[in-house]
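Please read the structure below before turning to the comments.
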Amino acid sequence: MSDDSPEVLIVGAGPAGLTAATYLARFRRRVLVADGGAPRACWIPVSHNMPGFPEGITGDAILKRMTDQATEYGAVIESGRVEGLTRDGDGFVARLNGRELRVRAVLLATGVVDHHPDLPGVERAIERSLVRICPICDGYEAIDKAVAVIGDDDRGVREAAFLRTYSDRVTLIYIGSPQALTGQDEMARLGIELIRAPIDNVRLEGDRVTALSWGGTFRAFDLVYSALGTSANAELARALDARTGEDGRLFVDPHQATSVKGLYAAGDVVRGLNQIAVASAEAAVAATAIHNALREADGWTIS
């Protein structure tokens with residue numbers, strides 16, 4: 001391996017990947033970040049629960065600050081998707097932008113893909129905060145508002161129940177099979193209204209969200225939350241037979257190591273909360289573990 005070739009490959013340039021890049025670069029490791037584009041954080045209109053920003057900060061601003069910080073210390077960020085990842089002795093070979101890279105360790109910060117509701121202009125609605133995907137992040141902004149949750153199983157019930165912390169005007173618009181909905185008694189106890197309507201009868205108009213009810217009348221909501229779940233971007237790990245859960249997310253140990261030696265993961269692709277603060281913390285743990293593992297492999301036996 002040449003002195004200018006990367007030692008560590010980070011797949012993903014969201015908050016987890018960029019945090020790990022900063023740590024590893026400050027550990028004086030040669031680190032390359034493969035930026036596949038459009039991390040979930042770029043969807044954030046304004047975050048008010050990002051530590052250190054009481055006035056709020058946009059997702060784009062978060063990513064720019066974190067990118068600037070990582071590159072300040074020498075991390076290299078390259079646009080492109082890693083098309084394949086295989087074991088090669090004690091390391092890995094990755095295919096990126098038509099070439100092969102041999103690296104000593106890999107951190108997957110590949111995140112998840114949201115299952116958005118089939119609404120007209122849903123991407124624009126998310127940018128305008130009319131459709132939201134994380135009540136943990138911004139449920140506070142739903143205080144006393146008319147809130148709808150779109151769900152197709154009991155996830156929708158749980159999310160609607162969580163949002164009752166903030167408003168007594170919560171409605172679950174249920175679009176799944178009758179058998180998948182088992183929390184109706186709890187919904188009734190909490191005062192959550194249930195509407196059974198196909199997703200094509202929900203639409204956006206101006207600064208409001210309207211949903212067609214059983215009787216053919218339009219109902220207006222201030223906010224709509226999607227509780228349709230996510231899919232983990234874990235294909236690279238699965239190709240290496242890394243252990244995953246039923247939801248497709250990666251299992252990791254306390255050092256963020258997967259079941260494949262030298263392969264680490266942090267952020268939303270790991271089982272747990274989909275939160276920037278959590279992703280950054282996991283990335284810090286992973287980066288430190290990677291650095292120490294490489295030191296040990298190089299004969300630095302004193303920690």
Segment 224-256, residues that are surrounded by fewer than 21 Cβ atoms within 10 Å (Cβ to Cβ), over 13 Å from the mean Cα position of the chain (by Cα) and not in a loop (DSSP other than H, G, I, E, B) | 235, 238, 239, 244
Those residues of segment 32-72 which are within 15 Å of residue 267 (Cβ to Cβ) and acidic (Asp, Glu), in sequence order | 35
Considering only residues of segment 132-169 that are without any contact (Cβ under 8 Å) to a residue 60 or more places away in the chain and aromatic (Phe, Trp, Tyr), which is farthest from residue 275 (Cα to Cα)?
-> 166
Reported set for segment 164-207 where residues are modelled with pLDDT under 85, assigned to a strand (DSSP E or B) and crowded, with 16+ Cβ neighbours inside 10 Å is 202, 204
Which of the residues belonging to segment 87-103 are surrounded by 21 or more Cβ atoms within 10 Å (Cβ to Cβ) and touching a Phe, Trp or Tyr at 6+ places or on another chain (Cβ under 8 Å)?
-> 103
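The values are calculated or read from the model by the stated rules, or taken from the named source; none is laboratory data. Because the structure is a prediction, the values reported are computed rather than measured. A quick note on method: Cβ atoms are made from the backbone with ideal geometry, for glycine too, and the neighbour counts reach across all protein chains shown.
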